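Take a look at the structure set out below.
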């Protein structure tokens, strides 16, 4: 009889333990699957928003990073006088995106047209290399072989032109060397897209300039980003490309920069 009572007590204790474990698992089950589902169905921004691909250029893996911005978000500044480094500029100007502008001379002057907030800092020049103009006015962005007819909010002269009316332009460059390239382009929906072309293991090197139009054409086909016009900006050691996911800093100071706030 005592053995029977002992068995019954043990059985009751075991039953209570099983009930407790099942109840605990049931409560956890209401939490864990939901958390797991959220993780799977909501990828991190790094996976969904990172704008970067790698393509093969003359047998060398070349990374293309890009940032698409609305024209009204962009400001243009000269850096010839202050010669501030990009890290300081980003903080001082509260730039979410920071991209270098056009070229400058050994005498530390802008090469060609430069307009900042409707003020003409430098006038346009005749040049077969710096044969393009980029400007923003009334929140519309344009890239053309001709300077603007009226004084826009911001404008630079740079080059060469790489894309026109949705098609790559043929280039023949003397003494063409591999270098990091920075490009500005206009999309068919009037967005301005900045692109950086470089090598992961040697970020100041990249494709030859002559190849850039066809590389952009390949990029256009792979990403379905409809680029209409494109122009080359300063590159190599005097270039900067800083976004949320890419940080390419300069060695030599940049002559000017686009700041996206």
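Within region 80-115, how many residues are under 22 Å from residue 250 (Cα atoms) and not in a loop (DSSP other than H, G, I, E, B)?
Residues flagged as under 22 Å from residue 250 (Cα atoms) and not in a loop (DSSP other than H, G, I, E, B) within region 80-115 amount to 14.
Suppose we filter 207, 213 for residues that are modelled with pLDDT of 95 or more, in a loop (DSSP other than H, G, I, E, B) and closer than 23 Å to residue 131 by Cβ; which single one remains?
207
Restricting to region 229-255, name every residue that is over 23 Å from residue 106 (Cα atoms), out of contact with any strand residue (DSSP E or B) (no Cβ under 7 Å at 6 or more places or on another chain) and at pLDDT 95 or above.
Passing the criteria: only 247.
Run residue 170 past the list (1) touching a helix residue (DSSP H, G or I) at 6+ places or on another chain (Cβ under 8 Å); (2) farther than 28 Å from residue 200 by Cα; (3) surrounded by fewer than 18 Cβ atoms within 10 Å (Cβ to Cβ) and report the number of the one that doesn't hold.
(2)
Determine whether region 237-260 contains at least one residue that is within 23 Å of residue 75 (Cα to Cα) and assigned to a helix (DSSP H, G or I).
Within region 237-260, one or more residues are within 23 Å of residue 75 (Cα to Cα) and assigned to a helix (DSSP H, G or I).
Considering region 207-261 alone, what residues qualify as being over 16 Å from the mean Cα position of the chain (by Cα), closer than 30 Å to residue 92 by Cβ and buried (at least 22 other Cβ atoms within 10 Å of the Cβ)?
Passing the criteria: 254, 255, 256.
Go through 141, 120 for me and flag whichever is outside any loop (DSSP other than H, G, I, E, B) and either exposed (fewer than 12 other Cβ atoms within 10 Å of the Cβ) or in contact with a helix residue (DSSP H, G or I) (Cβ under 8 Å, 6 or more places away or on another chain) (or both).
Of 141, 120, the one residue that is outside any loop (DSSP other than H, G, I, E, B) and either exposed (fewer than 12 other Cβ atoms within 10 Å of the Cβ) or in contact with a helix residue (DSSP H, G or I) (Cβ under 8 Å, 6 or more places away or on another chain) (or both) is 141.
Could you grab me the full set of residues in region 189-204 that are more than 21 Å from residue 135 (Cβ to Cβ) and surrounded by fewer than 19 Cβ atoms within 10 Å (Cβ to Cβ)?
If the condition is that a residue be more than 21 Å from residue 135 (Cβ to Cβ) and surrounded by fewer than 19 Cβ atoms within 10 Å (Cβ to Cβ), then 199, 200, 201, 202, 203, 204 are the ones that fit.
Would you tally the residues in region 194-228 being more than 14 Å from residue 163 (Cα to Cα) and either touching a helix residue (DSSP H, G or I) at 6+ places or on another chain (Cβ under 6 Å) or in contact (Cβ under 8 Å) with a residue 12 or more places away in the chain (or both)?
Of the residues in that region, 13 qualify.
The values are calculated or read from the model by the stated rules, or taken from the named source; none is laboratory data. Here the structure is a predicted model, which means the values were calculated and not measured. Cβ: placed from backbone, ideal geometry, glycine included. Neighbour counts: every protein chain shown.
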